[in-house]
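No value in this document is a laboratory result; all are computed from the given coordinates. Everything numeric here is computed off the predicted structure, so don't read it as measured data. Virtual Cβ from ideal backbone geometry, glycine too; neighbours counted across all protein chains shown.
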Amino acid sequence: MDRKKAQEWHCSVEAAIAVVGGKYKAIIVWHLDHSGTMRYNEIQKAVPQATAKMLSQQLRELEADGIIHRKLYPVVPPKTEYRLTELGKTLVPIVLAMSDWGHEYFKYLGLPDPCPED
């Protein structure tokens, strides 16, 4: 996130939503917390509803915001790994709270929870 854009925020909630509010960002953080280091194809399998373009964009934004670290290995074919940074780890309690809320919301709706494993 560039500082100029950050200066346009009016409150801290706006900043938090800007960083983790992307379509797949919270779920990427959740998977990286549960799995540790993941390769791109592992993240893609974990978030199959994301197109390759959208997933790449979300990963780039999370990296630019300091939430994840991308390590590129100089091998053929290219190997790229992603992991949470220390700053990214501070989002884990928030994402877990969102998960808990989601479980309760499925109960409220009377629907089966599609991801009971967390």
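In this simple spin-label model, placing a label point 7 Å from the Cα along the Cα-to-Cβ direction at both Lys53 and Thr37 gives a separation of 3.2 nm.
With a simple spin-label model that places each label point 7 Å from the Cα along the Cα-to-Cβ direction, the separation between Tyr105 and Ile17 comes to 1.4 nm. Fully extending the segment from His10 to Thr80 would add 21.6 nm, taking 0.36 nm per residue of separation and subtracting the current Cα-Cα distance. Scanning residues 5 or more positions from Ile68 or on other chains, those with amide H under 5 Å from its amide H are Glu63, Thr85, with H placed 1.01 Å from N in the peptide plane. With 19 Å as the limit on Cα-Cα distance, the pairs of Lys45/Lys89; Lys25/Lys53; Lys45/Lys107; Lys23/Lys45 that go past it are Lys45/Lys89; Lys45/Lys107. Sequence gap at least 6, Cα distance under 8 Å: using those rules, report the relative contact order of the chain to the nearest whole percent. Computed over the chain, the figure is 25 percent.
Here the mean projected area of the convex hull built on the C-alpha positions of the chain is 8.7 nm².
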